[in-house]
Every structure is written in structure tokens, then in C-alpha cells.
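The structure appears below as C-alpha cells.
A short reminder: the numbers here are calculations on the coordinates, not readings from a lab. Because the structure is a prediction, the values reported are computed rather than measured. In this analysis, Cβ positions are derived from the backbone assuming ideal geometry, glycine residues included, and neighbour counts consider all displayed protein chains.
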Amino acid sequence: MLLEFKCSNHKSIKEEVHFSMIAGSDNTSKEFLKEFNNLRVLRSAIIYGANGSGKSNFISALSFMRDLVSNSINHQPGQGVFQARHKLSGEEIPSNYSIQFVKNDIRYAYGFSVKQNLIQDEYLYYFPRGRQVKIFERDGMEIIPGDRYKNIFDVSISILKENRLFLSCAANYSNVKEIEEAFMFFNTDMVVYNPEINNWTEYSIELMQNNDAIKKVFVNILQALGTGAKDVKVKLEKIKIADLQKELQLPDTLKNLLGAQEGNRIEAKIVYDQFEVDLMTEESAGVRRLFQMICPIIDILNKGKILICDELEASLHEAVIFQIVQLFQQYQKDKFAQLVFSTHDTSLLDTDLFRRDQVWFTQLNSERATDLYSLVEIRNVRKSENLEKGYVSGKYGAIPMLNKIFFQELEEGISG
């Protein structure tokens with residue numbers, strides 16, 4: 001589970017912002033919480049803000065941290081670490097990222113900073129029996145192991161470079177359980193979905209092909225939405241790309257280059273009463289998006305992962321989003337899944353769906369830098385308040401006020 005995340009100097013985020021999934025003292029909707037030691041952890045969080053205020057950049061910072069942990073072991077000599085500094089931050093200002101999370105009932109704290117496209121410092125602690133224990137600290141290229149880990153990281157240190165995170169190196173070149181657990185949190189437990197980048201169609205087909213229960217749930221959802229769909233036919237098979245020479249009209253020279261390389265051939269059809277529709281070429285964008293999203297979400301819930309999504313509502317009906325949020329809020333199996341997403345859909349601002357400490361806002365300050373704050377930080381917000389009305393009226397800030405000016409000017413331009 002994700003507990004908190006902090007970052008600074010990342011795109012529109014200049015000064016440090018602090019995001020938390022730890023619940024406040026409010027005792028409403030306690031069913032949305034999970035007890036962990038002396039903490040109460042939220043199952044979901046929603047982020048609102050005007051276009052360009054930094055919602056996507058906040059999601060990007062989480063994604064950047066995850067990807068760098070997973071992939072920096074592959075960085076080659078001379079390859080810099082991508083650093084997306086704020087426009088008003090000089091090259092000497094580091095970009096900082098830190099996170100606290102729980103893996104297999106143990107809390108971890110991890111962080112690093114990037115300066116001039118190189119790793120400046122890094123640390124990893126964990127908290128067995130609630131007490132902080134150092135696994136390692138890093139200063140430049142110097143690694144200081146904790147007392148329990150002396151001489152264990154020698155091989156990992158030997159392959160460390162200024163453009164590689166030590167966590168990434170140690171996960172691949174040591175046999176330390178705590179290192180592996182922390183690495184796997186980033187590599188498998190954090191799932192970041194961007195509708196403009198990710199396409200989970202193949203993921204969904206594989207899940208349906210291997211799990212009839214997931215396929216049944218998806219068909220039931222299609223029927224509940226009134227699509228008229230009766231069934232889904234899916235097929236995923238491995239095939240040598242060179243064997244597709246005739247199908248793809250590959251020249252012999254390219255076939256020889258491909259050799260024995262394999263790829264996946266996928267088929268998906270939605271079955272209606274009197275005909276079938278090819279998913280990729282004939283179905284609506286809404287059904288295609290449902291196909292991409294629903295099965296992976298079921299998998300994420302069943303495995304207790306964290307789904308982080310930018311603009312979850314893209315191509316999905318608001319009723320579907322409402323049901324997805326409720327699934328995360330009310331899922332009571334042993335696994336604890338979480339949902340963090342940005343949206344423009346104000347209909348989700350409902351106290352029956354979200355506690356006040358689950359609602360977050362982004363807003364640009366005078367330096368065009370992102371401020372991130374929770375609804376609980378705003379005074380005089382009643383527990384029974386109409387949150388949608390309060391947000392749209394500008395009571396909480398973060399409202400796209402520029403859009404109102406834009407539409408006023410547009411109306412004047414049309415009438416003029």
C-alpha cells in the first residue's frame with residue numbers, strides 16, 4: 001500500500017508537494033479505511049484542478065520514480081538521467097523524490113535526488129516492529145550500508161554508476177530480501193496508466209483467455225451498461241514474426257533479419273445476438289476502452305496493487321467510473337488495492353463516495369508552480385457539504401476559472 005509521496009522540482013512542481021494516503025481524524029466512512037499498525041490508510045484518492053495546473057505532472061512524478069527504479073540498471077555510461085526541472089529552477093537545483101509504502105506488512109521509506117542529470121543521493125529504510133532500520137544511504141557514488149548489511153552489497157557497488165539507482169543495482173546483484181521487496185513494490189505493485197500511452201488490450205485478452213471468471217465479469221458489465229453484448233471471444237497466441245511474411249507482405253530480406261523473433265497475435269470479437277464485431281476495427285471507442293481497463297482493474301484488485309491513473313474518465317461513461325471507485329472503496333478481500341487518479345468529472349465529488357481527506361486539488365501559484373493540497377486543509381468545509389457545488393463555485397480554489405473567462409470572451413466574440 002502507498003502511504004505518502006513527496007517531490008519537488010519536477011515539471012510544474014517547484015517547491016515540495018506532499019501527498020498522503022494516511023487518513024485524518026475524521027471517523028466518517030470508516031469502511032473506506034484499512035488499519036495498519038497505528039495508521040488508518042485510505043483506499044483511494046481523487047485529484048482535481050484546472051487544465052495546466054499540474055495534475056498530470058504529479059502523476060508523472062510518481063511514474064518517473066517507478067520507471068527509474070525499474071529501469072536505471074540498464075543505463076549505459078554517459079547516458080544522463082532525464083531531469084524535468086521547473087522552468088524557474090537552475091541546473092544546480094536537484095529534483096527530489098521520496099515515498100513511504102508497505103510491502104508484506106512492513107513499512108519502507110525510500111527516496112533519491114537527481115542533479116544535473118545524475119543521481120545525487122539515495123536512501124532506503126524499513127521499519128520492522130515499527131523501528132527504523134537503515135538498509136543503505138548514498139552520497140554521490142558512496143554507499144553506506146546499514147549495520148545489518150555490511151559487505152553484502154560489494155557486487156552491487158561494483159556495477160553502480162552515477163546514472164543508476166543503487167536500489168536498481170542491488171535488486172539485480174544481491175540477495176537481500178528487503179531490497180527485493182522494495183524493488184518489487186515499484187516494479188509490479190505500482191501500476192501507472194496513461195490513456196495516451198498505455199494500451200492494455202493484449203493484457204485484457206491474456207487475462208480473459210486464462211481466467212473464465214474475469215471474462216464473465218467483463219461480459220456482465222457490458223450487459224449491465226445496455227450494450228446488448230452476449231459474449232466475448234478472445235485469442236492470444238505466440239507466433240514467429242517471419243511466419244507472417246505473406247500476411248504482412250514482408251520482403252525476404254526483412255524476413256531473414258527477423259529470424260526466430262516472436263510476437264503475439266491477438267483476436268477479440270464482441271458477440272451480439274445476430275453478428276460479431278471485431279474489437280479493434282469495428283467497435284466503439286467506449287467499448288474498446290472498457291475492454292482495455294476492466295480486466296486489468298479486476299486483476300489489480302485481486303492482487304492488491306495500486307492503480308495510478310491520469311484522467312480516468314477518458315472514453316468511459318461516468319457511471320462506469322463511479323462503479324470502479326466503489327469497487328476500490330468496498331473491496332473487502334485479503335488483498336488491499338488502492339486507486340489514485342486525476343479527473344475533471346465533478347459528479348464524483350460526493351461525500352457518499354469520498355471522505356474529505358481523499359479529495360486533493362492542484363493550483364498554480366504566482367510562479368506558475370503547482371501547489372497540491374487536500375480538502376481537509378480548507379477551513380469551514382462541513383462533513384455534509386455539497387462538494388461539487390463548493391468546488392464549481394470556487395470555494396476550494398483549483399477551479400478552472402480561466403475557462404470561465406475563455407467562454408465569456410468566446411460568447412462576446414460570437415455575439416460581436
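Couple of notes before you dig in:
- Amide H contacts of Glu4 (H built 1.01 Å from N, in plane; Pro and chain starts excluded): Met21, Gln100 sit under 5 Å, all sequence-distant by 5 or more or on other chains.
- 3J(HN,Hα) couplings calculated from phi for region 84-100 with the Karplus curve 6.51 cos²θ - 1.76 cosθ + 1.60 (θ = phi - 60°) are, in sequence order, 9, 6, 5, 4, 9, 9, x, 5, 7, 8, x, 9, 10, 9, 9, 8, 10 Hz; Gly and Pro show x.
- One chain, two ends: Asn117 and Lys383. Fully extended at 0.36 nm per residue, the span grows by 91.2 nm beyond their Cα-Cα distance.
- Whole-number percent relative contact order across the chain, with pairs defined as alpha carbons under 8 Å at least 6 apart: 19 percent
- Amide H within-cut-off set for Lys305, under 5 Å, with H built and near neighbours excluded: Gln338
- When the listed pairs Lys150/Lys177; Lys34/Lys305; Lys235/Lys269; Lys87/Lys161; Lys305/Lys383 are checked against a 20 Å cut-off, the alpha-carbon distance exceeds it for Lys87/Lys161; Lys305/Lys383.
- Estimated vicinal HN-Hα couplings, Hz - region 179-193 in sequence order (Karplus 6.51, -1.76, 1.60; Gly, Pro = x): 5, 5, 4, 5, 4, 5, 4, 6, 6, 10, 7, 8, 10, 9, 10
- Annotation: extensible slack from Ala285 through Asp212 equals 23.9 nm (criterion: 0.36 nm per residue apart, minus Cα-Cα distance).
- If R0 is 45 Å, the Cβ-Cβ spacing of Lys177 and Tyr272 corresponds to a FRET efficiency of close to 0.30.
- Estimated inter-spin distance, Asn104 and Lys238, nm [label 7 Å along Cα→Cβ]: 2.8 nm
- Here the label points at Gln223 and Asp147, each 7 Å from Cα along the C-beta direction, are separated by 6.3 nm in the simple model.
- Net +/- balance of residues flanking Asn386 in space, Cβ distance below 11 Å, scoring K and R +1, D and E -1: 0
- Region 149-161 - phi-based ³J(HN,Hα) in whole Hz, Karplus 6.51/-1.76/1.60, Gly and Pro as x: 10, 4, 6, 7, 9, 4, 5, 4, 5, 5, 9, 5, 9
- Considering region 105-175, its Cα convex hull presents a mean projected area of 4.8 nm².
- Listed residues Met190, Met280, Met208, most fluctuating in the chain (Gaussian network, C-alpha, under 10 Å): Met280
- Equivalent-ellipsoid semi-axes for region 6-153 (Cα gyration tensor, √(5λ), whole Å, largest first): 28, 25, 12.
- Length-normalised contact order of region 129-231 in % [C-alpha pairs under 8 Å, at least 6 apart]: 11 percent
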